[in-house]
Amino acid sequence: MHLLFFALIAGAHAITFHPQGNSDSMVELGSATGMESATTYGSVHFAEMNMGAEKPPKSVDELLSKVTSVQDRIKLLPKATSKWISYGSRFSKKVSDGAWQGSLKLDEEAKQGALLNKLKNKHVVFLGDSVTRYQYLNLAHHLLHGKAPEKPFFFYHEASEWNSWFPDSNQRLQSDNGHEICDCWRGDPSKGQNFVENRFLEMPKANVSVTYLPWLDSKHSFTAHWTPDQGYPIQTGCRPGACDASSQELQTLGSHGEEGTIAFLKNYVMKLKPTPTHIVMNRGLWGRDLTEQGIDAIFAAGEELKKAHPHTTFIWKTTNSDLLDVFPELHGEDSKKQIKHAEEHGWKILDLFDASKNVESWYVDNFHVNEQASAYFNSLLLNLL
């Protein structure tokens, strides 16, 4: 028994993985934090594991790097090793027929113009993480060009590459049918500089609007170079990726925490024009610092806002599966609790935690997905609009 355990330890340390893209690249600015009230397993917070904010870990050992107790590492090693092996073989796994059909359906509806017709007279606002950003970009491209993106929007960014990617991604969302305004810039976090990425798709001929606004953990803040109080048309004062601190003042509009989020919904989101018809929210892995009481307060705020804006529908998007999550049962229970609270306050549900279970080969890393998966997620969203 002891020999078997040490063999397993040695094997786990030997298993390594080299992610796609540059090995030194980063997916998100900063890193996510664990939930203060998170359940603990010995010496480690559940929510501190596998946050997905940076590049995927290179080994099982790195996957368990936050587990400081030897006893806890022994308990978690078999599950972590199994997850690691499954992750490495994900591209050979079969995608469910429902996911394929959903992805193909969105592409076909975009080509035929049915997608644009579905969103006529609607303003969909996404508040969320990087997975939500790429879902927005996928939907925006289908609407503007009537087809799927020819190349993926996702790739691993060096810190210095964001301000080149912003104008590139923005340029891809321009057509005779409409355009995107990208209030986008990332400063140097080592110098204490902030970032902004507020994206506004405007298609005036069809009266279609889609907006993306970042919503991460409570250490981040809502920021903007333009707010609805400044009036329309939207004027950011600078080009995407070129809004450095010396050229344009970046406004801070409150924390991504519970109170700041509620205030942002009231004072920014609901003042957008046209008034949002659908608000889709999810903080992804960053959201694990929200307590159950905090997230319920946000759901309650949405319920109150709907009373004042009866034509606005609030949609809660559960977090898609993390392929290297060694606590899927715990986070599955989190999703169930979120769904329960959201429905009690009249929110609709886009359950990506469940929908993402059979699309492992569409993952580009342990948490982000490719354009086909984003199209599938958008097809599920359209069923709620």
Rel. contact order, % - alpha carbon contacts under 8 angstrom, at least six apart, the range 89-237: 24 percent
Please order Leu305, Leu253 by the number of other Cβ within 10 Å, starting at the fewest. Leu253, Leu305
Could you tell me the largest-minus-smallest coordinate of the C-alpha atoms of the range 97-382 on each of the three principal axes, in descending order and whole angstroms? 48, 43, 41
With viscosity set to 1.306 mPa s and temperature to 10 °C, compute the Stokes-Einstein D of the range 93-157, Rh being the Kirkwood radius across alpha carbon pairs; µm²/s, no decimals. 122 µm²/s
Residues Asp61, Asp229, sorted so that the one with the fewest Cβ neighbours within 10 Å comes first: Asp229, Asp61
Given Cα pairs under 8 Å that are at least 6 residues apart, what percent is the relative contact order of the range 307-385? 35 percent
What length, rounded to one decimal in nm, is gained on full extension from Asn121 through to Gln71, with 0.36 nm per residue of separation minus their alpha-carbon distance? 12.2 nm
What do the square roots of 5 times the Cα gyration tensor eigenvalues come to for the range 170-260, in whole Å, largest first, as semi-axes of the equivalent ellipsoid? 24, 16, 12
Restrict the search to the range 83-180; then list the trypsin sites (Lys or Arg not before Pro) that DSSP places in a loop and that have at most 16 other Cβ atoms within 10 Å of their Cβ. Lys93, Lys94, Lys120, Lys147
Among Ser175, Ser374, Ser218, Ser160, which comes first, second and so on when ranked by fewest other beta-carbon atoms within 10 Å? Ser160, Ser175, Ser218, Ser374
Residue list for the range 298-340, given a label point 7 angstrom along the Cα-to-Cβ vector of Asp354 and an amide N cut-off under 20 Å: 314-323, 328-340
At a Förster distance of 22 Å, what's the computed FRET efficiency of Trp100 paired with Asn383, Cβ-Cβ distance as r, to 0.05? 0.85
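Every number in this text was worked out from the coordinates using simple rules, so none of it is lab data. Keep in mind that this is a model prediction, so the values were computed, not measured. Cβ atoms come from the backbone with ideal geometry, glycine included; neighbour counts cover every protein chain shown.
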